[in-house]
Amino acid sequence: MTFIYTAFISPIELLIEVLFVFFQKVFRNYGVSIIAISMAVSFLTLPLYHKADSLQQKERKQREKLQGRIDRIKETFKGDEQYMMLTTLYRQNHYHPLYALRSSLGLFIQIPFFIAAYHFLSHLSVLDGQSFSIIKNLHEPDGLLKIGALSINVLPILMTVVNILAGAVYTKGFVLRDKIQLFLMAGLFLVLLYTSPAGLVLYWTFNNIFSLVKNVVYKAKHPGRILYCVIVFGVL
């Protein structure tokens, strides 16, 4: 585990730290710096996600092409005969069931960046006592909604809503299995981050907002118009 962290996580965490120092010197605001880091990392990883999307689309098309014959073989044959027939079908079509892991490439890319951001922002003591907008302390859970003695963290819920919207746009036209996988991941992130420092959840919320905009642009018939509107809105 030490080797994995040193080889894959530590360089990403160092990048986040360098970006944080740079943006803090530029903006002199911890909240804005966290948002800027989120956007910067999202832009830097965009080629990786684009490649992953291409591989995922290739796997889904191949799986959809074979699914009818796979179902018929499973209905008609059992045991060794079924195994031999499926193996032959896969070999003839240059396919292997392990290729289904391609549909999880986006998740695999997220994991090291999530761990690095989680470790850095969760232990960033300079955020203690720092406010941003309606968030009183970036080093603590936001606790924005008070119902009697109950304190509800609103930012993780907002993050999850944006994550679900991004997943709904991305999985439009996909089979149910792919949709369920993304929605389960949205729920898992809610559980993991609900009691996390607001600074970390702020980072991941804007990461999800970036993903939502990216997915809308990818799915749009006229992506140039969407990008133009986003840029104009951002300027205004």
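Computed quantities for the displayed model
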read-out	value
Criterion violated by Lys172 - all others in (1) without any contact (Cβ under 8 Å) to a residue 24 or more places away in the chain; (2) surrounded by fewer than 16 Cβ atoms within 10 Å (Cβ to Cβ) satisfied	(1)
Every residue from segment 48-57 that is farther than 13 Å from Tyr218 by Cα and within 14 Å of the chain's Cα centre (by Cα)	Leu48, Ala52
Members of segment 135-168 found to be open to solvent by 40 Å² or more (accessible area, probe 1.4 Å) and either in a helix (DSSP H, G or I) or in contact with a strand residue (DSSP E or B) (Cβ under 7 Å, 6 or more places away or on another chain) (or both), listed by number	Leu145, Val154, Ile157, Leu158, Val161, Ile164, Leu165, Ala168
Candidates Phe132, Phe114 - the one that is at pLDDT 95 or above and open to solvent by 20 Å² or more (accessible area, probe 1.4 Å)	Phe132
Subset of segment 16-45 (residues that are within 16 Å of Leu138 (Cβ to Cβ) and either among the aromatic types (Phe, Trp, Tyr) or touching a strand residue (DSSP E or B) at 6+ places or on another chain (Cβ under 6 Å) (or both))	Phe20, Phe23, Phe27, Tyr30, Gly31
Every residue from segment 2-38 that is modelled with pLDDT of 95 or more, farther than 15 Å from Ser122 by Cβ, buried (at least 17 other Cβ atoms within 10 Å of the Cβ) and aliphatic (A, V, I, L, M)	Leu19, Ile35, Ala36
Candidate set from segment 41-54 (those that are among the hydrophobic types (A, V, I, L, M, F, W, C) and buried (at least 16 other Cβ atoms within 10 Å of the Cβ)); member that is modelled with the highest pLDDT	Val41
Residue list for segment 117-129, restricted to those being hydroxyl-bearing (Ser, Thr, Tyr) and open to solvent by less than 30 Å² (accessible area, probe 1.4 Å)	Ser122
Pairs where the first residue, in segment 40-52, is within 15 Å of Ala166 (Cβ to Cβ) and the second is acidic (Asp, Glu), C-beta under 7 Å, 6+ apart	none
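The values are calculated or read from the model by the stated rules, or taken from the named source; none is laboratory data. Predicted model only: the values in this text are computed from it and were never measured. Using ideal geometry, Cβ is built from the backbone for each residue, glycine included, and neighbour counts are taken over all protein chains shown. What goes into the accessible areas is simple: the full protein's heavy atoms, side chains included, and nothing from ligands, DNA or RNA. Shrake-Rupley method; radii C 1.70, N 1.55, O 1.52, S 1.80 Å.
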